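Here the structure is laid out as structure tokens; the discussion comes afterwards.
Every number here is computed from the coordinates shown, using simple stated rules; none is lab data. Nothing here was measured: the structure is a model prediction, and the numbers come from that model. Using ideal geometry, Cβ is built from the backbone for each residue, glycine included, and neighbour counts are taken over all protein chains shown.
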Amino acid sequence: MSKKLAKTKTSVEKRRKILTGVFCFVAAVLIIGSALVYNSFKKEYDSSTKNAVAMGTVVTAKTFGKNTASVNETIVSCIQQLDDVISWRVKDSAVSKINSGQTVRLSSLASAINACNEVSKNSNGAFDVTIGPVSTLWGFGTENERLPKKAEIESALKKVDYKTLKVSGTRISCAKGQFVDLGAVGKGYACDMVKQYLEKTDVSGAVVSVGGSILAYGKRNKAGDKWRIAVRDPRNENGFIGTVLVKEGFVSTSGDYEKYFEKDGVRYHHLLDARTGYPANSGLISVTVVCSNGLLSDALSTACFVLGKEEGQKLLEKYGAAGVFVDSSQNVTTFGDVDFERAAQ
Amino acid sequence: MKKGDVAIILVFACVCFLLFFKRFFAPSQSLVACVWQNGTLVEKIELESLEKEKTLTVGGCELAFDKNGARFVSSNCKDGLCVKKGTLSHSGDTMACVPNGVVITIKAQKENADAVAY
């Protein structure tokens, strides 16, 4: 009897050990298998990156999917072609013709100017693309940058008035002596053009930077993770204040560190208040806007910088946009539906 | 199940988990400097592998690279803004000599951000 019992005990023991071994093996397979499946979802599609200079700035195009190298080439060409239309520095551009007193018929540009004028209206003139006479006095980013005299600014300011920049259907004209400068929206506008192009291609996703204005398009990977857009620290050019996470959209930043000069201990930056002709003094040093339109993200980031946090947030609300505001004490606040990860302090 | 069996299972699970963690989450901050001229990639330099400073002449610009980063040493452009910019040392940093079409970008071997808004 005891022999039988011993035998039974041994076989039960054996069975238990086999079961334990099988259980371990299955557990290991499940864990490693999950890791491999997770990895395949997180894996990016095939991609290529191109860095080039266009529109007088650095363009970085990273595209995912098919024919990415050729798509990147076309992206850079697209941007350069747009610059040939909207830059006042280009002799025969549409904007140069408008500035010389001609009436130009161009539906895409008419839509863009209408959108800019709408931002001007909603910001009570804080943002105005007819700022050209004043911005050329300051000469930011050129060898002619200087502090203009008060009388010069006052005289130039008389020519700044978005209401006299007429758009009628596709026809665009401005008042005599006016000077349209789309520098504040050009990069975001370029991102809009790039998006329109990408929609006609086979790329599954893309992240394009035009001088720091960002288009996040399509899928980042098979799992559809959000795109991660780091935001420059306005007081540390090698650092970031945090990361904006977007599924798709446009991200633009306006900051007082981009173009400025200092004179007698005072920083004069390029973000001019169109109502005064002087660099905005709103208590902010950087504004980042997340929006569903590139031109608007650029225009709104400039307008919000000029308006300040409170009025800027009201403006963003009108457009259903979101923002990250950094004030002169480097406090960071967000507004609206923005997924923002603050960087470690 | 005996205590010994539980111990074996736990050890096994820990080993698998550690392998998984190391493979997919171990951060890597090794930086790579990429040099572009007129849209074409001309050089890729792993900064951490540099024992001493490396220099490169591209399109009228002299560039320098070391473990700390990359910079424009000199340029034949009019404004010299690229030289004044200083050293790039973080992933996502970008600098260009616009007149010469020369661009330097810094990226981590394993990227944390897809782009930088500035």
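Observations on the model:
- Qualifying GluC sites (Glu not before Pro) in the range A:123-185, DSSP loop, other Cβ atoms within 10 Å at most 13: A:143
- Qualifying aspartates and glutamates (Cα of each under 18 Å from Cα of residue A:158; at least 8 residues distant if same chain): A:128, A:181, A:273
- Available extension along the chain between residue A:235 and residue A:341 is 36.3 nm, counting 0.36 nm per residue and deducting the alpha carbon span.
- Neighbour-count ranking [beta-carbon atoms within 10 angstrom, fewest first] of B:79, A:327: B:79, A:327
- Our coupling estimate for the range A:297-311, obtained by passing each phi through the Karplus curve with A = 6.51, B = -1.76, C = 1.60 and θ = phi - 60°, is 4, 5, 4, 5, 5, 5, 4, 5, 4, 5, 6, x, 5, 5, 5 Hz, Gly and Pro reported as x.
- Whole-Å distance, taken between Cα centres, linking the range A:131-157 and the range A:58-88: 32
- Cross-link pairs A:159/B:85; A:97/A:219; A:226/B:84; A:187/A:263; A:62/A:163 - those with Cα-Cα distance over 31 Å: A:159/B:85; A:97/A:219; A:226/B:84; A:62/A:163
- Reach of residue A:17 by Cα under 17 Å, taken over aspartates and glutamates that are not fewer than 8 positions away in the same chain: B:5
- The rule of thumb for compact globular proteins, 2.2 N^0.38 Å, goes into the C-alpha radius of gyration of the range A:186-312 1.15 times.
- Loop-resident trypsin sites (Lys or Arg not before Pro) (DSSP state other than H, G, I, E or B) in the range A:69-99 with no more than 13 further Cβ atoms inside 10 Å of their Cβ: A:89, A:91.
- Averaged over the residues of peptide A:50-56, the number of Cβ atoms from other protein chains lying within 10 Å of each residue's Cβ is 6.
- Reducing the range B:68-95 and the range A:285-332 to their Cα centroids gives an inter-centroid distance of 29 Å.
- Cα pair count fraction exceeding 30 Å, expressed as % - chain A: 44
- Residues B:14, A:191, B:77, B:82, sorted so that the one with the fewest Cβ neighbours within 10 Å comes first: B:14, B:77, B:82, A:191
- Amide N of the range A:190-206 lying under 18 Å from the label point, which is placed 7 angstrom from the Cα of residue A:70 along Cα→Cβ: A:197-205
- Ranked list, fewest to most other Cβ atoms within 10 Å of each Cβ, for A:5, B:50: A:5, B:50
- For the range B:28-118, average projected area of the Cα convex hull in nm²: 5.7
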